[in-house]
Amino acid sequence: MKLHTTSTAGLNLFTAYGDDYVAVNHEKHEKNLIVLPESLRPGWSTANVATLQESDMQQLLDLGVEVILLGTGKRLRFPAPALMRPFAPAGIGLEVMDLQAACRTYNILASEGRKVAAALLFD
């Protein structure tokens with residue numbers, strides 16, 4: 001087994017979360033946002049899972065990542081299948097989970113150097 005030291009300096013990582021907020025590098029956010037290892041995109045959408053539009057999902061498709069973690073708030077809820085359909089042909093994994101699971105999974109993948117994004121919807 002090879003062990004490598006990894007540096008997470010300079011990466012956007014979740015440092016806290018609760019039912020109605022997340023903290024990225026200790027900065028609190030309470031509205032929908034996209035988190036990438038190198039940037040934040042606050043105000044991504046004003047939608048919730050039920051009101052997501054094609055334009056919201058197109059922004060995710062255009063991120064240039066290999067995996068998108070869609071955090072759907074306090075509980076797991078799936079968007080309409082038609083909105084999720086374009087991701088597989090584009091070679092992008094779209095994983096839907098509750099907001100807190102998305103934060104934990106994002107931290108692991110970002111720390112591994114993966115091209116990942118967390119798109120978070122708050123209830």
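The values are calculated or read from the model by the stated rules, or taken from the named source; none is laboratory data. Note that the structure is a prediction, hence the values are computed from the model and not measured. Cβ placement follows ideal geometry from the backbone for every residue including glycine, while neighbour counts extend to all protein chains displayed. We work out accessible area using only protein heavy atoms, side chains counted, and drop any ligands, DNA or RNA first. Shrake-Rupley method; radii C 1.70, N 1.55, O 1.52, S 1.80 Å.
Would you mind stating whether Ala9 is more than 17 Å from Glu112 (Cα to Cα) and either outside any loop (DSSP other than H, G, I, E, B) or of a type outside the set (D, E, K, R) (or both)?
no
Determine, yes or no, whether Ala88 is under 14 Å from Leu120 (Cβ atoms), in contact with a strand residue (DSSP E or B) (Cβ under 9 Å, 6 or more places away or on another chain) and not polar (S, T, N, Q).
It is false that Ala88 is under 14 Å from Leu120 (Cβ atoms), in contact with a strand residue (DSSP E or B) (Cβ under 9 Å, 6 or more places away or on another chain) and not polar (S, T, N, Q).
Restricting to the range 91-112, and then to whatever is assigned to a loop (DSSP other than H, G, I, E, B) and touching a strand residue (DSSP E or B) at 6+ places or on another chain (Cβ under 7 Å), can you tell me which residue is least open to solvent (accessible area, probe 1.4 Å)?
Residue satisfying both the conditions and the ranking: Ile92.
Quickly run through the range 66-84 and pick out the residues that are part of a loop (DSSP other than H, G, I, E, B) and either open to solvent by 20 Å² or more (accessible area, probe 1.4 Å) or free of Cβ contacts under 8 Å to residues at least 24 places away in the same chain (or both).
Glu66, Lys74, Arg75, Leu76, Arg77, Phe78, Ala80
Can you tell me which residue in the range 27-51 is surrounded by the most Cβ atoms within 10 Å (Cβ to Cβ), limited to those that are among the aliphatic types (A, V, I, L, M) and in contact (Cβ under 8 Å) with a residue 60 or more places away in the chain?
Val35
List the residue pairs whose Cβ atoms are under 6 Å apart, where the first residue sits in the range 96-119 and is more than 18 Å from Arg77 (Cα to Cα) and at pLDDT 95 or above, the second is open to solvent by 10 Å² or more (accessible area, probe 1.4 Å) and charged (D, E, K, R), and the two are 6 or more positions apart or on different chains.
Between residues of the range 96-119 that are more than 18 Å from Arg77 (Cα to Cα) and at pLDDT 95 or above and residues that are open to solvent by 10 Å² or more (accessible area, probe 1.4 Å) and charged (D, E, K, R), the close pairs are Lys115/Glu66.
For the range 40-63: of the residues being assigned to a helix (DSSP H, G or I), hydrophobic (A, V, I, L, M, F, W, C) and under 14 Å from the mean Cα position of the chain (by Cα), which is nearest to Leu99 (Cα to Cα)?
Val49
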